Amino acid sequence: MDRAISPAIQAKRRRQRWLLATAVLLLVAGGLWAFRSVLRPSIKQDELLTAVVETGDVEASLTAAGVVIPAHEAVVTSPIQSTVRRVLLTAGDKVQPGQPILELDKELTSTALAKLQDEQLQNRNKSTLLQLSLERSLNDLEAQQQVQQEKVRSLQSALRDEQHLLGIGSGTQEGVRQAELNLKIAELELQKVRRQMQNQRQSNQADERGLGYTVQMQDRSIRELAGKLRQATVSADQAGVLTWVNEDIGSTVTQGQVLARVADLSSFRVRATIADAYADSLHLGDAVIVRLSGTDLRGTISSISPAVDKGVVTFYVRLEQNNHPALRANLRTDVYVVTRAHRGTLRVKNGPYYQGGREQEVFVLHDDQAVRRTVRFGDSNFDYVQVLSGLRPGDELIISDMKDYQQVPLLTIKR
């Protein structure tokens, strides 16, 4: 015989069924939530680089490579053709004006100087002989002139005698004409001798001047070579630091060859190179930012090389702080030539996210999510990108490379 189930047992059974249904529902909901989480892409927060959108300045620039060089560097050249005999200083040593740097062999130049001096003695002897010869020729002509003058005076007296005889009837007309002819011939010969004397004097002066010029030029050559011989001990022309010196003892050097470089390291400038494709964008006076060892120094373009060498253009930068402690000779730097400047504009730090386009997709952090957003960018430099639209001040932008999530509208940030 069946017994009726008590109400307490029935209530207990109902509670168990409700608990089981609730557990199943919770399990299904948890599964759906877990499945949804699996479907939604996520990324760890420590894998991201972010930057906050802010207001500031953006200077559009071209990037060039630079090297720091002394603002003033003197080149010391060889005064003569010789060989390096002794090196007195090495690169890095400080020098004062007139301080010897190295010595050259003087033997070859000394021999050349002695030869010039011997030749000059010969020239001076030639000058003496020439003067004697010219004086002798002129004395001969003067003697001829005196003889001819006496002859003219004699013929003039003979003509007067003939004219007197003709007047008293003792002479003839023929005698007078002959006396006149003889006198005329003698006078012409006297004029000829005088012209020869004048020409001889002019010729003597020209010969003396010519030989005098030769002597003067030889004296100049002797003084010049003697000066070069005194400079065979090569010294500095200015105070500074020896940045380079020819230390190859015994090596042959030609006249004018660089032997040393002395730089004034109290001030510097920058020599920069950039691809020739940007040559038209460079102008004298353009603002420049030089970045070295975490320090930015400002300056302007002082000169631009007109020639293109291996596809690059060289230009020089004058620094506002040319004696900054961070400046070192031959230190390599990054150089940014400012082409445009925007003051008080919306900006965000540059990074791998920026592809150089005017409009692109980026991710903005919002709570624990990264939301994709279309943003328009303007000019840029190495540090910042100008924001034209799509972002507001205070927005936190992911600046990491997000190429793998280009088609994802929403990302979950895992902390």
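Every condition in (1) surrounded by 15 or more Cβ atoms within 10 Å (Cβ to Cβ); (2) modelled with pLDDT under 85; (3) more than 30 Å from Leu284 (Cβ to Cβ); (4) out of contact with any helix residue (DSSP H, G or I) (no Cβ under 6 Å at 6 or more places or on another chain) holds for Asn381 except the one numbered (3).
May I ask you to verify whether Arg223 is surrounded by fewer than 17 Cβ atoms within 10 Å (Cβ to Cβ) and touching an Asp or Glu at 6+ places or on another chain (Cβ under 6 Å)? It is false that Arg223 is surrounded by fewer than 17 Cβ atoms within 10 Å (Cβ to Cβ) and touching an Asp or Glu at 6+ places or on another chain (Cβ under 6 Å).
Taking the criterion of being modelled with pLDDT of 80 or more and part of a helix (DSSP H, G or I), would at least one residue in segment 240-261 satisfy it? Scanning segment 240-261 turns up no residue that is modelled with pLDDT of 80 or more and part of a helix (DSSP H, G or I). The set of residues in segment 388-413 that are assigned to a strand (DSSP E or B) and not small (Gly, Ala, Ser) comprises Leu388, Glu396, Leu397, Ile398, Leu410, Leu411, Thr412, Ile413.
Checked against the criterion of being over 30 Å from Leu265 (Cα atoms), at pLDDT below 75 and of a type outside the set (Phe, Trp, Tyr), the candidates Gln122, Gln81, Gln117 yield just one match: Gln117.
Is segment 189-204 home to any residue that is over 30 Å from Pro79 (Cα atoms), assigned by TED's automatic domain parsing to the domain that holds Glu135 and not in a helix (DSSP H, G or I)?
Within segment 189-204, not a single residue is over 30 Å from Pro79 (Cα atoms), assigned by TED's automatic domain parsing to the domain that holds Glu135 and not in a helix (DSSP H, G or I).
Condition first: β-branched (Val, Ile, Thr), in contact with a Lys or Arg (Cβ under 7 Å, 6 or more places away or on another chain) and under 30 Å from Asn125 (Cβ atoms). Can you find one or more residues in segment 209-222 that meet it? Yes: one or more hits. Selection of first residues in segment 385-401 that are basic (Lys, Arg) and of second residues that are crowded, with 21+ Cβ neighbours inside 10 Å and at pLDDT 90 or above, restricted to Cβ pairs under 6 Å at least 6 apart or on distinct chains, gives an empty result. Taken together, the residues in segment 314-353 that are over 32 Å from the mean Cα position of the chain (by Cα), crowded, with 18+ Cβ neighbours inside 10 Å and not basic (Lys, Arg) amount to 3.
When you scan segment 167-184, do you find a residue that is among the aliphatic types (A, V, I, L, M), exposed (fewer than 12 other Cβ atoms within 10 Å of the Cβ) and part of a helix (DSSP H, G or I), even just one? Yes, segment 167-184 has at least one match.
Of everything in segment 281-303 that is loosely packed, with under 15 Cβ neighbours inside 10 Å and farther than 21 Å from His342 by Cβ, the residue that is farthest from the chain's Cα centre (by Cα) is Gly294.
The values are calculated or read from the model by the stated rules, or taken from the named source; none is laboratory data. Predicted model only: the values in this text are computed from it and were never measured. With ideal geometry, Cβ positions are generated from the backbone for all residues, glycine too; neighbour counts draw on all protein chains shown.
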